[in-house]
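Data first, discussion second: the structure below is written as structure tokens.
The values are calculated or read from the model by the stated rules, or taken from the named source; none is laboratory data. Just so we're clear, the structure is a prediction, and the values are computed from it rather than from any experiment. Cβ: placed from backbone, ideal geometry, glycine included. Neighbour counts: every protein chain shown.
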Amino acid sequence: MKSYLLPQFAVHRDDDRCIRCKVCVSQCSFGVHAYDDEDDEIRSNEGACVGCQRCATLCPTGALVIRRHPHEFRPNANWSEEMLLDVKRKAETGAVTITGMGNDKPHRVYWDHLLLNASQVTNPSIDPLREPMELRTFLGRKPDGLLFKDGRLITDIPPQVMIETPIIFSAMSYGAISYQAQLAFMQAAQELGTLCNTGEGGWPMDFRRFGRNVIVQCASGRFGVDPDYLNQAAIVEIKIGQGAKPGIGGHLPGEKVTAAVAATRMIPEGTDALSPAPQHDIYSIEDLSMLIYALKEATNYEKPISVKIAAVHNAAAIASGMVRAGADIIAIDGFRGGTGAAPRVIRDNVGIPIELALAAIDERLRREGIRNRASILVAGGFRNSADIIKAIALGADAVYIGTAALVAMGCTLCQQCNTGKCAWGITAQDPYIAKRLNPDIATRRLVNLVRAWTLEIKEMLGGMGINSIESLRGNRLHLRGIGLQEWELEVLGVKGAGQ
């Protein structure tokens, strides 16, 4: 059956510049470029191009330019090009359209409609170059009060995990990302004094040495979960949902389940790793409470237990139940959260923005007097340090970054993570492709990104007259909305600019 799908990208090659070095041929994971020995010519199959830009980036003479293909369908306000192509693709394959990364639709980004307060005369600003700025954050349940006797603290403090900056690397499992990529995350977390998350794919044995900087997940598939897995980590996270695919399970295609991935996940090599949509031992808050305390028992009550859900309309009520069920940390993932593989229709149409969910959750927990009983981690599309500091002002203790971290490593958001052919080696399992990512260079790039953002956070705090991140947490008086409707300001709990 002839395909009716038009190419998405056009490959422009300047023959006067091209020296036939064949770098583009060897570097393209998708087979776009091919060298014709007889004609001494490199030809390009534009239909296979995904716009990853690797060939253009590595071309030594700059002979390649990759652009959106100029073809156009007849304009139709109801039937966009994306809609037309999606119908044609399903008509040819009969399969669900799977994609990687997060929601790319032009929905309102609330971070861009929130402005920060700044100190002027009555509350002087602080120079972070000359005065200390405290970004150290403690994750875990806090007691309702502190009791002292003879000058000594006698209150039992629940387990806490200290991080030097409120930025954590998000959950990305071995299999979804390459061995090299996960190693880079763990090395960077260790150097920065923060945390990274293994995701639901288990934890390679030779990475256990990074345990003090690692969050492990106990997800519906229970991949790789055993007592050592739980006890070697700093935090254990029960994964119920994620922002890119709320309400459905996980899926790692069999072509990415190599022998090493299979051993880590404790499944047969080459088989699809399917996580059920629900955790089959959690059908109520009472069930969740039993699993939380089972994990606390398994870890001798020495580690905070986190529970991760997707941002949905009743997330505030769910979060209240999670805290009362014994969760020490609540992790919320918004609908812009990335993923290695998700049905496009789910990614683009299910869930709500993290800004609204975070504000609703923080407000409800404070109203019920239980905000101190759990830290709040948020994820789902953090692009810069301003997004992060605004999230903290809305009530977050710290944020997860995923897509931004991948971009720092080289990702160009071509959304082909699920194919296992990532041109930059980040989400590839093919050894030839995966080795393109040097874990030490990737580590340095991650460290540089987080350090730059951390410095910017200190600058913004100083400009607000604040010298401790604790003083900003949940302090929405430092935020003002602009271009927002009344109901949006009400949910966010902020005043309009000028008020």
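Okay, here's what the table says:
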item: Hits in segment 462-499 - residues which are under 17 Å from Thr137 (Cβ atoms) and either free of Cβ contacts under 8 Å to residues at least 24 places away in the same chain or in contact with a strand residue (DSSP E or B) (Cβ under 8 Å, 6 or more places away or on another chain) (or both); result: Asn467, Ser468, Ile469, Glu470, Ser471
item: Meets criteria (among the β-branched types (Val, Ile, Thr), under 23 Å from the mean Cα position of the chain (by Cα) and either surrounded by fewer than 21 Cβ atoms within 10 Å (Cβ to Cβ) or assigned to a loop (DSSP other than H, G, I, E, B) (or both)) for Ile466; result: no
item: Residue in segment 380-422 that is nearest to the chain's Cα centre (by Cα), counting only those that are surrounded by fewer than 24 Cβ atoms within 10 Å (Cβ to Cβ) and of a type in the set (Lys, Arg); result: Arg383
item: When residues of segment 86-145 are limited to those that are free of Cβ contacts under 8 Å to residues at least 24 places away in the same chain and among the basic types (Lys, Arg), the one surrounded by the fewest Cβ atoms within 10 Å (Cβ to Cβ); result: Arg130
item: Cross-chain or 6+ apart pairs with Cβ under 8 Å, segment 18-31 first and outside the structural domain of Cys414 (by TED's automatic domain parsing), then aliphatic (A, V, I, L, M) and surrounded by fewer than 18 Cβ atoms within 10 Å (Cβ to Cβ); result: Val23/Leu58; Cys24/Leu58; Val25/Ala34; Gln27/Leu58; Phe30/Ala48; Gly31/Ala48
item: Selection within segment 321-331 - touching a Lys or Arg at 6+ places or on another chain (Cβ under 6 Å) and assigned to a helix (DSSP H, G or I); result: Val323
item: Residues of segment 350-365 classified as under 20 Å from the mean Cα position of the chain (by Cα) and in a helix (DSSP H, G or I), total; result: 7
item: Residue, surrounded by the most Cβ atoms within 10 Å (Cβ to Cβ), within segment 337-373, restricted to residues that are at pLDDT below 95 and either closer than 16 Å to Tyr400 by Cα or touching a Leu at 6+ places or on another chain (Cβ under 9 Å) (or both); result: Gly337
item: Among (1) in a helix (DSSP H, G or I); (2) modelled with pLDDT under 95, the one test that Gln429 misses; result: (1)
item: Residue in segment 231-245 that is assigned to a loop (DSSP other than H, G, I, E, B), surrounded by fewer than 17 Cβ atoms within 10 Å (Cβ to Cβ) and assigned by TED's automatic domain parsing to the domain that holds Ile354 present; result: no
item: Residue pairs meeting the criteria (Cβ under 7 Å; at least 6 apart or on separate chains; first assigned by TED's automatic domain parsing to the domain that holds Cys21 and surrounded by 13 or more Cβ atoms within 10 Å (Cβ to Cβ), in segment 37-49; second assigned to a loop (DSSP other than H, G, I, E, B) and among the aliphatic types (A, V, I, L, M)); result: Ser44/Val32; Asn45/Val32; Ala48/Val32; Cys49/Val32
item: From the options Arg17, Arg67, Arg43, residue that is within 21 Å of Thr412 (Cα to Cα) and charged (D, E, K, R); result: Arg67
item: The listed residue being touching a Cys at 6+ places or on another chain (Cβ under 8 Å), in contact (Cβ under 8 Å) with a residue 12 or more places away in the chain and outside any helix (DSSP H, G or I), out of Ile215, Ile267, Ile248, Ile282; result: Ile215
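Residues are listed down the side, and each one gets a yes or a no for (1) in a helix (DSSP H, G or I); (2) touching a Leu at 6+ places or on another chain (Cβ under 6 Å); (3) within 20 Å of Gly241 (Cβ to Cβ):
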{"position": "Glu255", "(1), (2), (3)": "yes, no, no"}
{"position": "Pro276", "(1), (2), (3)": "no, no, yes"}
{"position": "Ser289", "(1), (2), (3)": "yes, no, yes"}
{"position": "Ile292", "(1), (2), (3)": "yes, no, yes"}
{"position": "Lys296", "(1), (2), (3)": "yes, no, no"}
{"position": "Tyr301", "(1), (2), (3)": "no, no, no"}
